[in-house]
Amino acid sequence: PGLAALLPALAAAVAWGARDPEPSRRLDARVDANGDVTVSMNGDTWFETAGVFVRSEGDLFASPGISPPPGDPGQPGGRADLKLVEILRDQEGMDSLGEYTFTTTHWEAGSVRFQTEVRVYGEGFVVFAQHFPDGLNNCSSGDENQVISSFPSLRLPVLGAEEEKRGFLAYAGNMIGAEYHASSWNNATLALPSGIEGSGPLVVFSPDMTPEPTAAEKDGAVVVSPLSSFMSANQALDNSTLGGGAGILRYGIMGRVTSLPKGYSMETIMVANKGFNQAMYAWGELLLTRYGKDRGAARADLTTNYLGYSTDNGAWYYWNPEPNASYTQTLNDVKAYAQSEGLPYRHLQIDSWWYYQDTESWGAHGVKNWTAPGSIFPTGIDAMYNETGYPLVAHNRFWSNRTDYAKQNGGDWEFCFDDKKSFPLESGFWEWMLGDAKKWGLHTYEQDWLFGEFEQNHCTLESATNARMWLMQMGAAAEAHSISIQYCMAWPRFLLQSVEIQSVTQARASDDYTPGNDQWKIGVTSIFAYALGVTPLKDSFWSNSSVSGRYGDAHEPFPRLQAAVSTLSSGSVLPSDEIGTSDVNLIMRSCRKDGLLLRPDRPAMKIDAAIASEALSPPSSPSRLGEIWAAHSEVSSLPHLHVLSIDSPPLNLTLTSLLAASPPPLPGRRRRRAPPSAFLGIDTNAGDPLETLTVISEGSPLALQETTRDAFELWALSPTLGNGWTLLGEAVDKWVPVSNGRFSQIRATSNSGLSVVAQGQSGEVVHVYAAKPGARGKDGTVSATCTLAASGSVKIVFPEAVCVDV
């Protein structure tokens with residue numbers, strides 16, 4: 001069975017993780033007589049605001065007592081009072097997120113009306129809104145990293161305050177926030193990211209946050225982020241008030257915007273839950289609900305479900321075809337080698353080497369024409385696609401001022417020009433370009449250099465609407481042609497914007513691969529991506545540690561780690577080896593014979609305890625936790641857990657904490673079975689995983705040992721059925737031994753045994769293991785070796801270990 005046959009199981013697995021109908025952490029907000037706000041969680045104050053301001057007609061209008069933002073004394077124009085007209089309280093409303101009560105504060109900035117609003121929803125989250133009924137004119141501060149409006153203006157803790165024990169993690173920088181900042185909340189004035197690069201979700205958490213049911217009500221985590229106007233929203237750190245020992249974190253429209261249309265609005269949301277992962281998931285569900293984006297689209301994308309081959313930066317064939325050969329010949333040779341070795345590549349990534357670029361230095365190597373030179377594909381890209389048969393993931397970057405497509409250069413489409421780059425302004429351009437690309441095999445459009453296109457063009461920095469228009473036009477054209485989009489080199493604002501764009505199914509969560517670098521650290525960015533229904537991607541890797549010579553003496557010292565993390569990402573697994581050098585057995589640990597990836601339902605994400613440790617423990621502390629991630633699958637309504645530990649000291653993880661970290665069920669639905677009381681765990685990175693068989697129960701925690709990048713642990717925890725049997729799956733051969741991609745219909749049989757149905761490619765040989773009741777080691781396991789019939793399915797029955805065609 002192919003992907004289509006597995007979609008019902010995948011969809012059920014996705015649907016299982018949805019918004020908690022009864023949140024255990026509730027936020028409330030109170031607006032005082034000056035328009036300032038206090039936000040509390042379960043009665044405990046977490047945030048207070050400090051004033052409001054807005055720029056209009058060259059002046060800054062501020063509420064009484066507010067400190068001017070950085071740079072104001074030198075800015076043109078003056079400063080005036082923002083007049084508070086009235087506060088309307090105890091109003092009621094309802095929208096797609098539910099019922100709420102709200103307070104509206106009406107202000108006047110000279111002759112311009114400005115409104116701030118606080119909405120408290122029945123489900124326990126808070127939304128702040130800024131409304132501009134008259135729009136704004138001549139409002140720029142001249143600095144894109146500042147804001148032209150400020151609400152909420154969050155008062156930060158006094159620097160180093162001993163009574164403030166909370167921590168924070170703020171997403172910032174490239175690859176959907178991979179340059180995140182994590183520290184103590186009383187250091188926020190110095191450590192918070194800010195501006196166009198740093199305006200991602202901020203999570204503030206108590207040191208004792210835990211997803212366990214016994215968590216104290218005063219402990220938890222709160223996510224703060226834009227809820228709308230994602231491409232124009234900024235968070236700006238103002239530490240000009242350090243004379244008082246505390247800064248202000250301002251939320252508003254980015255500082256170089258010159259005007260706003262009438263009726264423009266911006267919203268900021270706060271969402272709470274017991275722990276970091278749960279709060280991020282609940283927050284993501286709210287955004288997806290608001291904009292109607294379906295999580296299932298990402299799970300169904302071919303390029304994130306099947307094994308692929310990459311020519312990205314760090315790959316052997318990145319700007320490097322075989323000697324005396326074109327790329328057409330090179331890629332055909334890749335396919336021939338893969339077929340000879342049984343490597344079932346199902347798609348191909350072609351990187352920036354394949355199209356015409358502007359080589360003038362002032363053009364910064366922008367795209368001149370998104371077609372292939374004859375030297376790259378002598379018979380054309382369509383011929384290469386037809387010969388290899390691989391659907392394409394095709395890279396693109398920013399547009400040069402010399403692009404052939406711009407009317408300014410004799411082309412057909414309107415572009416906005418800046419010093420080095422240009423920017424398409426017409427939806428018809430995308431409809432034509434992607435429609436044409438579909439003819440030569442484009443399946444996934446990889447838009448790279450997103451931040452560069454955004455930050456180096458006045459069309460995006462000075463407009464509140466152009467950047468959103470650009471991404472929406474791209475997304476609509478892709479959806480019209482059944483093309484998925486991969487975001488790459490994206491700041492957090494781009495991932496936030498993706499909630500409006502169904503065709504964005506995947507985003508790079510790691511830096512570019514270089515043999516030996518640390519781009520595998522995606523445990524934190526995966527939380528962000530998964531929360532918003534996007535599949536996180538780790539870049540490609542070399543599977544053979546003995547290969548070097550492409551990038552000097554660089555070689556890949558940890559190919560097993562690279563392969564395991566790629567599999568646990570729940571996204572693409574992308575070897576990029578030189579022909580003739582692949583470790584086939586290692587690569588095949590990730591997939592079936594037909595290339596379908598055997599992966600968890602949820603990506604592996606850094607656990608709350610490790611996040612808190614990173615933020616609050618000194619780097620030199622021997623107890624500071626390293627990369628400890630957890631993933632989850634729901635196979636036949638049974639939870640299967642996966643725990644990865646890298647570069648970390650020993651840690652005991654209770655079964656309660658592992659189960660509590662799993663996502664809640666859909667509103668109105670319940671899990672069909674109570675969580676099992678016992679699991680059997682195996683370390684799939686061990687020399688013989690069966691030798692590590694151990695019982696995990698409430699009285700017997702999972703005991704992680706000290707780990708390194710070479711000696712990491714990857715535990716697969718399978719639930720013990722009511723009759724004592726446990727399916728261990730492909731315990732010896734795969735990183736994820738039990739997954740929806742391979743198994744279904746796990747049943748305890750009437751004769752005190754176990755049965756399961758395995759799927760795959762006709763003729764594929766599978767080695768399946770089960771543990772007998774009371775098993776405490778390898779001797780308590782039973783194995784069956786089955787060859788899949790023409791149907792691609794087989795039923796395996798234990799204890800007999802027999803295979804029955806189905």
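The values are calculated or read from the model by the stated rules, or taken from the named source; none is laboratory data. This structure is a prediction, so every number in the text was calculated from the model and none was measured. As a convention, Cβ positions derive from the backbone with ideal geometry for all residues, glycine included, and neighbour counts pool all protein chains shown. Just the protein is used for accessible areas: all its heavy atoms, side chains included, with ligands, DNA and RNA removed. Shrake-Rupley method; radii C 1.70, N 1.55, O 1.52, S 1.80 Å.
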- prompt: Among the residues of region 51-70 satisfying the criterion of being farther than 13 Å from Ser153 by Cα and loosely packed, with under 15 Cβ neighbours inside 10 Å, which is modelled with the lowest pLDDT?
  reply: Pro64
query: Among (1) in contact with an Asp or Glu (Cβ under 7 Å, 6 or more places away or on another chain); (2) in a loop (DSSP other than H, G, I, E, B); (3) of a type in the set (Gly, Ala, Ser); (4) modelled with pLDDT of 95 or more, which single condition is Ala477 missing?
result: (2)
- line: Picking from Glu614, Glu634, Glu627, the residue that is among the acidic types (Asp, Glu), modelled with pLDDT under 95 and crowded, with 20+ Cβ neighbours inside 10 Å would be Glu634
statement: Within region 368-403, residues being farther than 18 Å from Lys438 by Cβ and among the β-branched types (Val, Ile, Thr) number 3
task: Considering each of Tyr390, Tyr345, Tyr318 in turn, give the residue that is in contact (Cβ under 8 Å) with a residue 24 or more places away in the chain, open to solvent by 40 Å² or more (accessible area, probe 1.4 Å), farther than 30 Å from Cys416 by Cβ and in a loop (DSSP other than H, G, I, E, B).
output: Tyr318
message: Tell me whether region 307-314 contains one or more residues that are of a type in the set (Val, Ile, Thr) and over 22 Å from Phe528 (Cβ atoms).
response: yes
task: List the number of the failed condition for Ala674; all other conditions in (1) in contact (Cβ under 8 Å) with a residue 24 or more places away in the chain; (2) assigned to a loop (DSSP other than H, G, I, E, B) hold.
output: (1)
query: Is it fair to say Leu159 is touching a residue at least 40 places away in the same chain (Cβ under 8 Å), surrounded by fewer than 20 Cβ atoms within 10 Å (Cβ to Cβ) and not β-branched (Val, Ile, Thr)?
result: yes
field: Search result, residues across region 743-780 that are charged (D, E, K, R) and either more than 25 Å from Thr567 (Cβ to Cβ) or out of contact with any Lys or Arg (no Cβ under 7 Å at 6 or more places or on another chain) (or both)
entry: Arg747, Lys772, Arg776, Lys778, Asp779
message: Criterion first (aliphatic (A, V, I, L, M), touching a His at 6+ places or on another chain (Cβ under 9 Å) and touching a residue at least 40 places away in the same chain (Cβ under 8 Å)) does Ile483 satisfy it?
response: yes
query: Got at least one residue in region 93-102 being buried (at least 21 other Cβ atoms within 10 Å of the Cβ) and either touching a residue at least 12 places away in the same chain (Cβ under 8 Å) or part of a loop (DSSP other than H, G, I, E, B) (or both)?
result: no
- request: Quickly run through region 430-455 and pick out the residues that are at positive phi and open to solvent by 10 Å² or more (accessible area, probe 1.4 Å).
  value: Trp449
The one condition in (1) open to solvent by less than 30 Å² (accessible area, probe 1.4 Å); (2) touching a Leu at 6+ places or on another chain (Cβ under 9 Å); (3) not in a loop (DSSP other than H, G, I, E, B) that Ser570 fails to fulfil: (3)
message: Looking at region 384-399, can you tell me whether even one residue there is more than 25 Å from Asn174 (Cβ to Cβ) and among the hydrophobic types (A, V, I, L, M, F, W, C)?
response: yes
statement: Among Val334, Val271, the single one that is within 30 Å of Val222 (Cβ to Cβ) and either open to solvent by 20 Å² or more (accessible area, probe 1.4 Å) or modelled with pLDDT of 95 or more (or both) is Val271
query: Between residues in region 121-148 that are more than 30 Å from Ser24 (Cβ to Cβ) and of a type in the set (A, V, I, L, M) and residues that are open to solvent by 40 Å² or more (accessible area, probe 1.4 Å) and not in a strand (DSSP E or B), which pairs lie under 8 Å by C-beta distance while being six or more apart or on different chains?
result: Ile148/Ser140
field: Meets criteria (open to solvent by 20 Å² or more (accessible area, probe 1.4 Å), touching a residue at least 60 places away in the same chain (Cβ under 8 Å) and in a strand (DSSP E or B)) for Gln745
entry: yes
query: Can Ser427 be described as in contact with a helix residue (DSSP H, G or I) (Cβ under 6 Å, 6 or more places away or on another chain), of a type outside the set (A, V, I, L, M), closer than 18 Å to Ala372 by Cα and open to solvent by less than 60 Å² (accessible area, probe 1.4 Å)?
result: no
- prompt: Right, Glu446: of a type in the set (Asp, Glu), modelled with pLDDT under 95, under 25 Å from the mean Cα position of the chain (by Cα) and under 20 Å from Met489 (Cβ atoms) or not?
  reply: no
- prompt: Within region 404-424, how many residues turn out to be in contact with a Pro (Cβ under 9 Å, 6 or more places away or on another chain) and either modelled with pLDDT under 95 or open to solvent by less than 60 Å² (accessible area, probe 1.4 Å) (or both)?
  reply: 5
message: I want to confirm something. Restricting to region 592-611 and keeping residues that are assigned to a loop (DSSP other than H, G, I, E, B) and over 30 Å from Ala188 (Cβ atoms), which single residue is most open to solvent (accessible area, probe 1.4 Å)?
response: Lys593
message: Suppose we keep only residues that are in contact (Cβ under 8 Å) with a residue 60 or more places away in the chain and surrounded by 20 or more Cβ atoms within 10 Å (Cβ to Cβ) within region 757-780. Which one would you say is farthest from the chain's Cα centre (by Cα)?
response: Ala775
query: Hey, any hits in region 528-538 for a residue that's assigned to a loop (DSSP other than H, G, I, E, B), polar (S, T, N, Q) and either open to solvent by 10 Å² or more (accessible area, probe 1.4 Å) or within 16 Å of Thr444 (Cβ to Cβ) (or both)?
result: no
statement: Across (1) within 19 Å of Glu144 (Cα to Cα); (2) at pLDDT 95 or above; (3) surrounded by fewer than 22 Cβ atoms within 10 Å (Cβ to Cβ), His458 clears everything bar (2)
